[in-house]
Amino acid sequence: MSLFGRRKPGFAKEEELKPGDIPGEFSDAVDPAVKRNDLNPKHREKEEFAGRAQAVMGKESVEEAEKDAEKEAEEGKQDLFDYMESLPDVEDPYPPFAPEPEKQPEPAPTQAQILASYIRERTRAAMLTPLSLLHSEVEEADKLLEEMEKDESCQSVLKIEGEKDMYYYDSGLMTRNYAMIAMLIADKDLERTIAEMVRWNCRTYPSPTPVDYFQRHPYYLTRVQIDLALSHIEKNERFADIKRFVSKKGILFLYSENVMSERYAKSLADFAEDEENA
């Protein structure tokens, strides 16, 4: 019995294949329609075309006719350069790019600029540059400093005057406040250093200053040095505004009475200690 039921009239006869006739994969080689060329319309069409081509062109085979056709096509090709030369001349709508300007070599730095770079490097290392150091290491230091002050590229280099020397630093790398502290330390005037920082803290924050503040960075004073400096401060009229008191926790504080009263200074210290204990 047929797999799909009874075969209707007009259908081709089914080919029966034995198991040995079935290959590992399907292809046109086992297609019955391909095997029987007389039933394959594509095969008949190919033979008819070959016959017509052979009759018209008088060639022995279709392969020879195809080769001749390819040869004629190759001979008819135009050379690319000949084709480009045959094109009419037209104006280019896209003008060429303007040539890039040549980079001018940077001028060599002046001696004043080299001096400013030296000061910047010391500032980057958190150090001021004393005028006395420049006099000992740089020829015509005063002349170069004058030129440096007029040079626009050196305007970030500023100076701060101490009691023992003049100091230079780069304001782009060090704040004015830090430069003032560094100047006081460089002057090695402990009394003035303590007095100026106590005044500055009272004006800026405002806040009294604990004595152990000067044992930290960047002062690193010992308690012996601090006590000796405080004894000198009490005897010097220049520092008559610097006063002291002891907080509730027994910490010694300093303040300037020109900026705040003792009562206000004590309240600020007590409030700060209460905040630490909270």
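The values are calculated or read from the model by the stated rules, or taken from the named source; none is laboratory data. Keep in mind that this is a model prediction, so the values were computed, not measured. Cβ sites come from the backbone with ideal geometry, for glycine too, and all protein chains shown count toward neighbours. To get the accessible areas, we keep the full protein, side chains included, count just its heavy atoms, and leave off ligands, DNA and RNA. Shrake-Rupley method; radii C 1.70, N 1.55, O 1.52, S 1.80 Å.
For this structure, a couple of remarks:
- The GluC sites (Glu not before Pro) of the stretch 141-237 meeting both criteria, a DSSP state outside H, G, I, E and B (loop) and at most 15 other C-beta atoms within 10 angstrom of the site's C-beta, are E163.
- The listed peptides 90-96, 264-270, 216-222, ordered by packing as a protection proxy, come out as 264-270, 216-222, 90-96 (highest mean of other Cβ atoms within 10 Å first).
- Amide H contacts of M166 (H built 1.01 Å from N, under 5 Å, at least 5 apart or other chain): L131, S132
- Three-way shape call for the stretch 116-180 based on the alpha-carbon gyration tensor, with the a/c threshold at 1.5: oblate
- When the solvent-accessible area of the stretch 67-189 is split by element, carbon and sulfur atoms take up 54 percent of it, the probe being 1.4 Å.
- Within the shell defined by Cβ-Cβ distances under 11 Å, the residues around A186 carry a net charge of -2, with Lys and Arg each +1 and Asp and Glu each -1.
- Prolate/oblate/rounded label for the stretch 190-262 (Cα gyration tensor, a/c 1.5): rounded
- The stretch 93-113 versus the stretch 183-238: alpha-carbon centroid distance in Å: 54
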